[in-house]
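The values are calculated or read from the model by the stated rules, or taken from the named source; none is laboratory data. Remember, it's a predicted structure, so these values are computed and weren't measured experimentally. No Cβ is skipped: glycine too gets one built from the backbone with ideal geometry, and neighbour counts run over all protein chains shown. Ligands, DNA and RNA are stripped out before the accessible areas are found, and what is left, the full protein with its side chains, is counted by its heavy atoms. Shrake-Rupley method; radii C 1.70, N 1.55, O 1.52, S 1.80 Å.
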Amino acid sequence: MAELLLKPSSAAAFLFMFLSLTSSFAAVEPKPFSRYISPLSLGLNKPEKLSHLHFYFHDIVTGKNVTGVRVAKAPTTSDSHPFGAVVMIDDALTVSPDIGSKLVGRAQGIYALTSLTEASLLMAYNFAFMEGKYNGSTLTVMGRNPVFSAVREMPVIGGSGVFRFARGYVEAKTHTFDLKTGNAVVEYNVYVFHY
């Protein structure tokens, strides 16, 4: 008889616990996949600004303190035919062409050699700033960089921090390039709209 009394109460306790859990899960409504919101809720009621940033990008691929490292290549990639090489970068951004000048940020991302016939890169990287009002903010650049053109233009496709909702472009101009080492210093002018 004791066994009969324990079984219904154990079953009742289990049923009660199961119903409690399922009813609490049923009470939680999922957030919608998409919804319209007011731009004001994100602080987008301020006038948009156009900023110009100027700095130098130091890409060091050989020697001491390398900042650009080849991480992949195609089976056909060679020194004379670099198509298919992929390089990861963490390059210094400084106020002048001198690597020892004031550091304002880092260029972090990748570039890949994407042309069979010319020195052209696909660049996808962030400028991670660490100076002044831009400290902790980033700009994202992605575009084609034909490195032997006098001036190359690439789009700014977004940003974070001060640069949320950023859009604009960069102009890259080679300051120095060492044919033996592959090391380069590139002057950047960045024009970006942001709030």
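Numbers for the structure displayed
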| read-out | value |
| --- | --- |
| Inter-probe distance in nm under a simple model that places probes 7 Å from Cα toward Cβ, at Y169 and S149 | 0.9 |
| Heavy-atom accessible surface of the chain: percent carbon and sulfur, 1.4 Å | 63 |
| Nitroxide proxy distance, nm - points 7 Å out along Cα→Cβ at F193 and L44 | 1.2 |
| On Cα atoms only, tilt of 2-27 relative to the major axis of the chain in degrees | 40 |
| Mean accessible surface per residue for region 122-195, computed with a 1.4 Å probe while every protein chain stays in place, in Å² | 51 |
| Region 154-195 and region 53-118: distance between their alpha carbon centers, rounded to Å | 13 |
| Area accessible to solvent at E29, 1.4 Å probe radius, in Å² | 150 |
| Accessible surface of M154 - all protein chains present, 1.4 Å probe, nearest 10 Å² | 0 |
| Selection from F83, S149, H54, by position along the positive dipole direction of the chain (Cβ) | H54 |
| Hits among lysines - C-alpha to C-alpha of K73 under 28 Å, sequence gap 8 or more where chains match | K64, K173, K180 |
| Straight-distance crosslink candidates among lysines, where the alpha carbon sits under 20 Å from K49 and sequence neighbours closer than 8 are dropped | K133 |
| Full-extension gain in nm, S78 to K102, via 0.36 nm per residue minus C-alpha separation | 5.0 nm |
| Lysines whose Cα lies under 19 Å from that of K31, excluding same-chain neighbours fewer than 8 positions away | none |
| Of the trypsin sites (Lys or Arg not before Pro) in region 87-195, those whose Cβ has at most 12 other Cβ within 10 Å and which sit in DSSP loop | K102, K180 |
